[in-house]
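Okay, structure first, notes after.
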Amino acid sequence: MNLLIKSAFIIDTKSDFHNSSQDILIEKGKISKIGEQLENPNNYKEIAFENLHISQGWFDSSVCFGEPGFEDRETIVNGLKTAAKSGFTAVAMQANTHPVIDSNSDIFFVNSKAQNNAVTLLPIGALTKDSKSVDLAELYDMRTAGAVAFSDYKLPISNPNLLKIALQYASNFNGLVCSFPQENRISGQGVMNENVMSTSLGLKGNPNLAEALQIARDLYILEYTNGKLHIPTISTAESVDLIRQAKQKKLDVTCSVAIHNLLFTDDHLKEFETAYKVNPPLRTQHDIDALIAGVKDGTIDMVTSDHNPITIEDKKVEFDHAAYGTIGLESAFGALQTVFTTKKTIALLTSGKARFSLENTSINEGEIANFTLFNPDTKYTFGLEHIGSKSKNSMFINTELKGLVYGIISNKKISL
């Protein structure tokens, strides 16, 4: 892959050219030269866009593509195509499939479907067999096959001893254990945040307590085992406080927040719109303020789209019976820019790589070309025409966003 990128404003704190507009010459997939007004003697393909900005390739730590088993929701091939158009050069795929990805052969299958793609797919294996929270899955075998972490997607580990054993066992090979933060015996049949709004709508509530209790339990177990824990998609002010305290104790814990939990409150459920039905649920403005503060001070390590395609048949039903989940890859960049500056947004979209065994690159001469190309200033109203996923269940429809993605350059491939 040989090409010349013209007049790109570089946002990369690890680059010698951070905060400057440069031409970038790429030869055989590597950056051979960076400078102003570079010549193109070999007549390489040139790339030039309006207000072009460039950063390290973006990473999402939690996406679902459905395959195998739920191809009607999404396939791996189309999911990766959507990720590329959304600016992501790598995504970690959850075991939210049928059958559940819980063996080395399952990991091999997923990797085979993602071969020769501009986007790197990082499979997350199930933590327990069939994600039933009874017996540990084949963690080491999945790790050797390429699994980057272990998680029962949206299913909490009910047995604390099982989590203890998982953390102890995985520490033998530096494995990352993920624990969904919800105590089901507290959340019960709750379908939205427990608050004034749930009472007024007559819907069963899922209280902040259900999340905080589980996180407190998990952190105590983590301290006992000296393991390696990731807590995905926290949603409450209490959770931020608990994790902040754990980090002060130097525990090996990271966490993420879903982008939609930084923007929308439970007030959006007034019309029983199932697009806003997610787990963890949309909370209050108080929780959002605490989450944003946690992102800014580094308590929250990464953001995720928590991209979860759901078919119309599972969404356009009574609220109580509708499936949880929203797609979010396509709206991730534009949504974050309504909350944070462009530089902070890029820092968030490029964080978490090392935690999920992904090598960090930089925009410097001699480095492998792994870029996201974008215009941070374009404002638009997000609509169906912006969705590349097979499923269209986005809560961002009709929301004003800021920032246009041009595409990615990664794995010696161009996707623009």
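Give me the angle, in degrees from 0 to 90, between the Cα long axis of helix 208-225 and the longest principal axis of the Cα atoms of the chain, rounded to the nearest 10.
80
Viscosity 1.002 mPa s, temperature 20 °C: Stokes-Einstein D of region 116-255 from its Kirkwood Cα radius, in µm² per second?
Estimated diffusion coefficient is 135 µm²/s.
One quarter of the convex hull surface, Cα atoms only: what value does that give for region 21-99 in nm²?
Directional mean of the projected Cα hull area for region 21-99 stands at 7.2 nm².
Please identify every one of the trypsin sites (Lys or Arg not before Pro) in region 244-342 that sits in a loop by DSSP and has no more than 14 other beta carbons within 10 Å of its own beta carbon.
Passing sites in region 244-342 are 249, 250, 270, 316.
Relative to the longest principal Cα axis of the chain, at what angle does helix 237-248 sit, 0 to 90 degrees, rounded to 10?
In the chain, helix 237-248 runs at an angle near 70 degrees to the longest axis.
How would you rank 90-99, 72-81, highest first, on the average number of other Cβ atoms within 10 Å across their residues?
Listed from highest to lowest mean packing, they are 90-99, 72-81.
Could you please state, rounded to a whole Å, how far the C-alpha centre of region 1-49 is from the C-alpha centre of region 51-72?
Going from one Cα centre to the other spans 25 Å.
Leaving ligands, DNA and RNA out of it, rank 240, 134, 405 by accessible area with a 1.4 Å probe, largest first.
Descending accessible area places them as 134, 405, 240.
Need the list of aspartates and glutamates near residue 132 for cross-linking: C-alpha distance under 12 angstrom, and skip anything on the same chain fewer than eight residues off.
Correct list for residue 132: 102, 152.
Relative to a virtual label point 7 Å from the Cα of residue 400 in the Cα→beta-carbon direction, which members of region 265-282 show backbone nitrogen distances below 18 Å?
Flagged as within label range: 265.
Just need the relative contact order of region 135-238 here, percent rounded to a whole number, with Cα pairs under 8 Å and 6+ apart.
Value for region 135-238: 30 percent.
Normalised by the residues of the chain, what does the relative contact order come to in percent, with Cα pairs under 8 Å and at least six apart?
Relative contact order, the chain: 20 percent.
For labels at residue 16 and residue 71 in the simple 7 Å Cα→Cβ model, what's the distance in nm?
Using points 7 Å along Cα→Cβ, the separation is 4.9 nm.
Just the accessible area per residue of region 309-416, please: how many Å² with a 1.4 Å probe?
42
Once the other residues with Cβ under 13 Å from the Cβ of residue 345 are scored (Lys, Arg +1; Asp, Glu -1), what is the net sum?
+3
Report the label-to-label distance for residue 172 and residue 384 in nanometres (one decimal), using points 7 Å from each Cα along the Cα→Cβ vector.
About 5.3 nm separates the two model spin labels.
Using alpha-carbon positions, what is the distance between the centroids of region 87-111 and region 293-328, in Å?
A separation of 19 Å, based on Cα centres.
Cβ under 12 Å from residue 286's Cβ, residue 286 left aside: what net charge do those residues give with Lys, Arg +1 and Asp, Glu -1?
Summing Lys/Arg as +1 and Asp/Glu as -1 gives -3.
Please tell me which of these pairs span more than 32 angstrom C-alpha to C-alpha: 316/353; 28/129; 343/412; 204/249; 164/392; 14/412?
With Cα atoms farther than 32 Å apart: 316/353; 28/129; 204/249; 164/392.
For residue 375 and residue 33, FRET efficiency with R0 = 22 Å and r from the beta-carbon atoms, rounded to 0.05?
0.35
Which net charge results for the neighbourhood of residue 8, defined as the other residues with beta-carbon distances under 14 angstrom from its beta-carbon, given Lys and Arg at +1 and Asp and Glu at -1?
Residues near residue 8 contribute -3 overall.
Rg to Rh for the chain: what is it, with Cα atoms only and Rh by Kirkwood?
Using only Cα positions, Rg/Rh for the chain is 0.97.
Where in region 331-368 are there GluC sites (Glu not before Pro) that are in a DSSP coil and have at most 12 other Cβ atoms within 10 angstrom of their Cβ?
359
So what's the gap between the Cα centers of region 212-271 and region 132-196, to the nearest angstrom?
So the two Cα centres are separated by 14 Å.
With everything on Cα atoms, drop me the angle between helix 76-85 and the longest principal axis of the chain, reported from 0 to 90° to the nearest 10.
Approximately 60 degrees, to the nearest 10.
So for region 250-362, considering every pair of alpha-carbon atoms, how many percent are separated by more than 19 Å?
51
Using DSSP to call loops (not H, G, I, E or B), can you name the GluC sites (Glu not before Pro) in region 15-60 whose Cβ has at most 15 other Cβ atoms within 10 angstrom?
Filter output for region 15-60: 36, 39, 50.
Under a point spin-label approximation (7 Å from Cα along Cα-to-Cβ), what is the residue 247-residue 45 distance to one decimal in nm?
With each label point 7 Å from Cα toward Cβ, the separation is 4.0 nm.
How high is the relative contact order of region 19-132, in percent, counting Cα pairs under 8 Å that sit 6 or more residues apart?
Relative contact order for region 19-132 comes out at 21 percent.
The values are calculated or read from the model by the stated rules, or taken from the named source; none is laboratory data. Because the structure is predicted, anything quoted here is derived from the model rather than measured. All Cβ positions, even for glycine, are placed from backbone atoms using ideal geometry, and neighbour counts span all protein chains on display. The area values use the complete protein model at the heavy-atom level, side chains included, leaving out ligands, DNA and RNA. Shrake-Rupley method; radii C 1.70, N 1.55, O 1.52, S 1.80 Å.
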